[in-house]
Amino acid sequence: MFTYIYDWIKNLVFYLILMTMLMQIIPDSDYKKYIRFFTGLVLILLLARPVFGIFHLEEEFDRIYHSIEYHQNVREMERAREVFESAEEGYLEWEQDMASEASGERETSDEE
């Protein structure tokens, strides 16, 4: 238990030092407020991590994430299948056109 708390505090300190260095390196710009906002969100997640661990919410978040990722992959595969099917149909039509043109050319050459 103490090692978990020690690791959590160590991660927080490392993150705060890293973000302080980053904020000092970045010149004053419009992006600084967005970086501060994003780093604040990450800090909130780091602070809430022990609570997630106590209530076993990390596993639930992982399950939800992987479920969403799975559905996105399925949609991408369905789109790819549709693209391949339409390409195959186009190829078959082209192949038939080429075959009919070739047979038409043979008929005209036979007539001459």
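The values are calculated or read from the model by the stated rules, or taken from the named source; none is laboratory data. Since we're looking at a predicted model, the values are computed, not measured. Neighbour counts run over all protein chains shown; Cβ positions are idealised from the backbone, glycine included.
Which count do you get for residues in the stretch 25-45 that are modelled with pLDDT under 90 and either outside any helix (DSSP H, G or I) or not aromatic (Phe, Trp, Tyr) (or both)?
Total meeting the criteria: 11.
For a quick check of your reading of the model, give me the residue pairs whose first member lies in the stretch 30-46 and is farther than 12 Å from TYR15 by Cα and in the same structural domain as THR20 (by TED's automatic domain parsing), whose second is surrounded by 11 or more Cβ atoms within 10 Å (Cβ to Cβ) and not hydroxyl-bearing (Ser, Thr, Tyr), with beta-carbon atoms closer than 9 Å and at least 6 apart or on different chains.
LYS32/MET23; LYS32/ILE26; ILE35/MET19; ILE35/LEU22; ILE35/MET23; ILE35/ILE26; ARG36/MET19; ARG36/MET23
Condition first: over 30 Å from TYR4 (Cβ atoms), small (Gly, Ala, Ser) and in a helix (DSSP H, G or I). Can you find one or more residues in the stretch 60-82 that meet it?
Yes: the stretch 60-82 contains one or more residues that are over 30 Å from TYR4 (Cβ atoms), small (Gly, Ala, Ser) and in a helix (DSSP H, G or I).
Hey, among GLU82, GLU69, GLU76, which residue is modelled with pLDDT of 90 or more and within 19 Å of the chain's Cα centre (by Cα)? First the steps, then the outcome.
Values: GLU82 fails: within 19 Å of the chain's Cα centre (by Cα); GLU69 fails: modelled with pLDDT of 90 or more.
So the residue among GLU82, GLU69, GLU76 that is modelled with pLDDT of 90 or more and within 19 Å of the chain's Cα centre (by Cα) is GLU76.
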